[in-house]
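Data block below; observations after.
The values are calculated or read from the model by the stated rules, or taken from the named source; none is laboratory data. Every value quoted in this text rests on a predicted model; they were computed, and no experiment measured them. Note that each Cβ is placed from the backbone with ideal geometry, even for glycine, and that neighbours are counted across all protein chains shown.
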Amino acid sequence: MTEKTLKTLLLQLNCHFTWRLLEKNAEIDELEERLHNQLEYLINANKYMVYNLLSYIKYLQGNYEEAIANLDEAEKSSLANAAGVKSKLLVTYSNYAWVYYHLKQYDKSQLYIDKVNGVHEELSHTSNAKDTLPEIYGEQGWSMLKFGRKHYEKAKECFEKALKEVPKDPELNSGYATAVYRLECLEKKSLDENCESLDLLKRAVELNPNDSVVKALLGLTLQDLKRADQGLKYIEEALEQTPNLPYVLRYVAKFYRREGMTDKALGVLKRAVSLIPNSSFHHHQIGLCYRNKMYEKKKLARTDPQNKQTYTREIQELLQKSIFHFKMTVELKKAHTYGYTDLAQMYTEANQIVKAEEMYKKAFNVKTITEQEKQQIHFYYGNFELKAKKCEKEAIKHYKEALLIPVMTFEKEKCENALEWIAERKIKHNPRDALGFGLLGFVHQIKKNKIDAVECYEKALKLEPHNEEYLSHLCELRLAI
């Protein structure tokens, strides 16, 4: 068989090598470390999926021997836990075929292609035949979830396809609910009772009551919906079920922190860090807790001037602790955009302006950055320029850049408000300020208030007749009316 023919057969396999898991969409080294942590703490029958993904990561790193070693572990795990369900071996055998192909061991590659075909042939004559697709879609969905946020939508689609075949499968329902929950978190929009994840998480908990992680996610969702009393029930159940599972502790702590139970959250997070010291998530949450405590002390200092010196010392201690943990966050995960912006804000609090600006720039350079994150960073960077650097021109630039990104976040509305505030202040100070009217026109245009936008741009052009930006926007609006 020629290499070209073999490659054609390989491309027909359903596995990590054909799922378009792009290296540019993930921090590979950080993902590898997370997967090793999961092997240590996640005690379930699906460890073979982690080994399969680790094998693919080792291939991306160019370490083919380790790739094969992880596939050996995946095969052992599948055979030990599959209870005769050979469909669990399909992805592993397909990955073997691809790795041996890249090693130019074409006979072995063909051997594993034959094994894949053999499993399909064997399953076609049994009652397990229908389970093949959901098994593969399920593993693809979990791999997509682990590989990074740019794959969440695809993960959701995979679980949807799998659930069409086996709608009551507990693991698949947990995966589907998790994918939808993460997508909603990415959108950063205010949730309401119609949010998709709520019913999916409830169903997942009902079908899989031992899944404490999904139970904790349900608690957080209820908290988002202003039903924290109900959410607390699930949070405490999850904590009682698995008091030493880091993946539950992180969500429990997040719930406590958002409820203002900062010390309780810190206690849980310190336990989590003792279990996984290299978790960027845990360090980020600890940084947020110390930041909250610092802001609380600042409020007390304003209302109790007699003890200002004591509060000042405590504020500085909390600020330094917050900075330490946010620094740990971005050292452990180079793609943690919120870690950079939170660290930038704390450097600003410490009056370390140069370091703060450096963090904003690093946030923009994260290779896996999403459009939502870009919008949020522009807002915070704009605030930094306006308040810390007193540079209104650069602030306006960032607010406008944020509004040109076609996504909806809390920060988008804040950017609109900031530009309106700057514009109105300018016009109040000088009724002939063209920039003020131009900014109002821009905000109205973003809000699709075309008539108001035209009116503002016309006023701006009367004051500054040769401004090409205002003229361009005005022509565009008139054509659209």
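A few notes on this one:
- Look at (1) closer than 27 Å to V407 by Cα; (2) surrounded by fewer than 19 Cβ atoms within 10 Å (Cβ to Cβ) and you find that L300 fails only one, number (1).
- Y48 of a type in the set (S, T, Y), under 15 Å from S143 (Cα atoms) and within 22 Å of the chain's Cα centre (by Cα): no
- Pairs linking a residue in region 348-371 that is touching a residue at least 24 places away in the same chain (Cβ under 8 Å) to a residue that is surrounded by 16 or more Cβ atoms within 10 Å (Cβ to Cβ) and in a loop (DSSP other than H, G, I, E, B), with Cβ atoms under 6 Å and 6 or more positions apart or on different chains, are V366/A335; T368/G148; T368/A335; E371/I405; E371/V407.
- Scanning region 439-454 for residues that are part of a helix (DSSP H, G or I), without any contact (Cβ under 8 Å) to a residue 40 or more places away in the chain and surrounded by fewer than 23 Cβ atoms within 10 Å (Cβ to Cβ) yields a count of 6.
- Between Q345, Q316, the distinction of being out of contact with any helix residue (DSSP H, G or I) (no Cβ under 6 Å at 6 or more places or on another chain), without any contact (Cβ under 8 Å) to a residue 24 or more places away in the chain and among the polar types (S, T, N, Q) belongs to Q316 only.
- Subset tally (residues that are touching a helix residue (DSSP H, G or I) at 6+ places or on another chain (Cβ under 7 Å) and either surrounded by fewer than 20 Cβ atoms within 10 Å (Cβ to Cβ) or on the phi > 0 side of the Ramachandran plot (or both)) for region 361-375: 6
- Residue within region 8-22 that is surrounded by fewer than 18 Cβ atoms within 10 Å (Cβ to Cβ) and under 20 Å from T368 (Cβ atoms) present: yes
- From the list Y399, Y457, Y470, the lone residue that is closer than 30 Å to A350 by Cβ, buried (at least 22 other Cβ atoms within 10 Å of the Cβ) and hydroxyl-bearing (S, T, Y) is Y399.
- Inside region 276-295, residues that are surrounded by fewer than 16 Cβ atoms within 10 Å (Cβ to Cβ) and within 22 Å of M261 (Cα to Cα) make up a count of 1.
- Selection within region 225-268 - among the hydrophobic types (A, V, I, L, M, F, W, C) and touching a residue at least 40 places away in the same chain (Cβ under 8 Å): L245
- Neighbours by Cβ (under 9 Å, 6+ apart or cross-chain): first from region 461-481, in the same structural domain as G438 (by TED's automatic domain parsing); second surrounded by fewer than 11 Cβ atoms within 10 Å (Cβ to Cβ) and of a type outside the set (A, V, I, L, M, F, W, C): L471/P465
- Hits in region 229-265 (condition: under 22 Å from K146 (Cβ atoms) and of a type in the set (D, E, K, R)): R250, K254
- Any hit, region 151-159, residues being among the basic types (K, R) and closer than 20 Å to L54 by Cα: yes
- When E66, E73 are checked against the criterion of being modelled with pLDDT of 90 or more and surrounded by fewer than 18 Cβ atoms within 10 Å (Cβ to Cβ), E66 stands alone in meeting it.
- Boolean, A45 is under 26 Å from L245 (Cβ atoms), at pLDDT below 95, in contact with a Gly (Cβ under 7 Å, 6 or more places away or on another chain) and in the same structural domain as Y106 (by TED's automatic domain parsing): no
- Tally of residues being among the β-branched types (V, I, T), more than 18 Å from G287 (Cα to Cα) and in a helix (DSSP H, G or I) across region 235-268: 2
- When Q309 is tested against (1) closer than 30 Å to F147 by Cα; (2) polar (S, T, N, Q); (3) in a helix (DSSP H, G or I), just one condition goes unmet, and that condition is (1).
- Evaluated against (1) over 19 Å from the mean Cα position of the chain (by Cα); (2) in contact (Cβ under 8 Å) with a residue 12 or more places away in the chain; (3) surrounded by fewer than 24 Cβ atoms within 10 Å (Cβ to Cβ), E206 falls short on exactly one condition, (2).
To keep it simple, each residue is scored yes or no on (1) of a type outside the set (A, V, I, L, M); (2) out of contact with any helix residue (DSSP H, G or I) (no Cβ under 7 Å at 6 or more places or on another chain); (3) crowded, with 20+ Cβ neighbours inside 10 Å.
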site: E237; (1), (2), (3): yes, no, no
site: P243; (1), (2), (3): yes, yes, no
site: D263; (1), (2), (3): yes, yes, no
site: L269; (1), (2), (3): no, no, yes
